[in-house]
1. Please report the equivalent ellipsoid semi-axes of the protein assembly as shown, computed as sqrt(5 x eigenvalue) of the Cα gyration tensor, largest first, in whole Å.
2. Per 0.36 nm of contour for each residue apart, how much would the distance between B:Glu113 and B:Ala59 grow if the chain were fully extended, relative to their Cα-Cα spacing?
3. Give the angle, between 0 and 90 degrees and rounded to the nearest 10, that separates the Cα long axis of helix B:7-21 from the longest principal axis of the Cα atoms of chain B.
4. Mind putting a number on the dipole of the stretch A:7-142 about its Cα centre? Charges go on the C-beta only, +1 for Lys and Arg and -1 for Asp and Glu, and I need it in Debye to the nearest 20.
5. Taking the Cα centre of each part, how many Å lie between the stretch A:1-39 and the stretch A:94-127?
6. Once you have the Cα-Cα distance between B:His22 and B:Ala84, take 0.36 nm times their residue separation minus that, and quote the gain in nm to one decimal.
7. Residue farthest toward the positive end of the dipole of the protein assembly as shown, with Cβ of Lys/Arg at +1 and Asp/Glu at -1: which of B:Phe138, B:Phe61, A:Leu11?
8. Apply 1/(1 + (r/R0)^6) to the Cβ-Cβ distance of B:Gln68 and B:Lys6, taking R0 = 22 Å, and write down the FRET efficiency to the nearest 0.05.
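Read the figures in this text as sums done on the coordinates, not as results from a lab. Since the structure is predicted, the reported quantities are computational estimates derived from the model, not experimental observations. Note that we place each Cβ from the backbone using ideal geometry, even for glycine, and neighbour counts take in every protein chain shown.
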There are 2 protein chains.
Amino acid sequence: MIETLKPGQLLARGVCRHLRQHNFVSIEEFVPERGLRVDIMALGPKGEIWVVECKSSRADFQTDQKWQGYLDWCDRYFWAVDEAFPTELLPDETGLLIADAYDAEIIRMGPEEKLAAPRRRQLTHKFARHAAQRLLDFRDPGVAAISVL
Amino acid sequence: MIETLKPGQLLARGVCRHLRQHNFVSIEEFVPERGLRVDIMALGPKGEIWVVECKSSRADFQTDQKWQGYLDWCDRYFWAVDEAFPTELLPDETGLLIADAYDAEIIRMGPEEKLAAPRRRQLTHKFARHAAQRLLDFRDPGVAAISVL
């Protein structure tokens, strides 16, 4: 599987593994609302919601016009980059992970901006539905043909 | 995959497929609290939580000592059985699906007993964590070795 992943997806894999060690479960390519797609949404043991955007290069970061919109959909926001990335480009007031395909490390925690309760409920519900649907696609590929999502 | 599933799991597959047509996503073998394990927990578009127990035979039903405990963990409760099952054994005040490995049909809706909001939040969070963890196990089998769940 690893051979077929793009650079950003390899970073995402390492990040998801690392977050697991913090007791956070993650899903990739989550759409909190129409027009926004975050690389990783992670859900903590107490309902905490973190977003991690994976940037494989300077250009990948500089062409991202949407990241500030992600801040409204999480309690903490992080970038994940590899160790060659020029991290001085990244805004100070965001979290930072250094990652490779196998693991990651939290270098700087994203500051906490707690979600309002209704949005947290809505996001947790959407996260649950997204994860269960994708799980079902793996467990029972035949169901994709009859899916209505 | 189908060859390796037990009779109850084949019913569960058909049920999950059918629930999808009602816009419910499902996970199997969910543990709402220590000591309880439900065959299927399904999550609807508005946050509805349904439990379905799959019974492959009369004996399978008659040895179930725990099902009444499941009622406290869902808005609606259903049995799923195949068409040969003696459905007169099943309590009237529960829902009923007739299923096979490929699909199912809701014969009788389970009466609605709405969960209290805190329990719904707790269950939705647990459902999300369970589904995402199992999804991660499929997507990245290597992570199982470092999982702390």
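1. Output for the protein assembly as shown: semi-axes of 39, 19, 16 Å.
2. Here the segment from B:Glu113 to B:Ala59 would lengthen by 16.7 nm.
3. It is inclined by approximately 80 degrees.
4. Once rounded to the nearest 20, the dipole reads 720 debye.
5. Value for the Cα centre distance between the two parts: 11 Å.
6. Additional length available on full extension: 19.9 nm.
7. Projecting each Cα onto the dipole axis, the largest value belongs to B:Phe61.
8. 0.40
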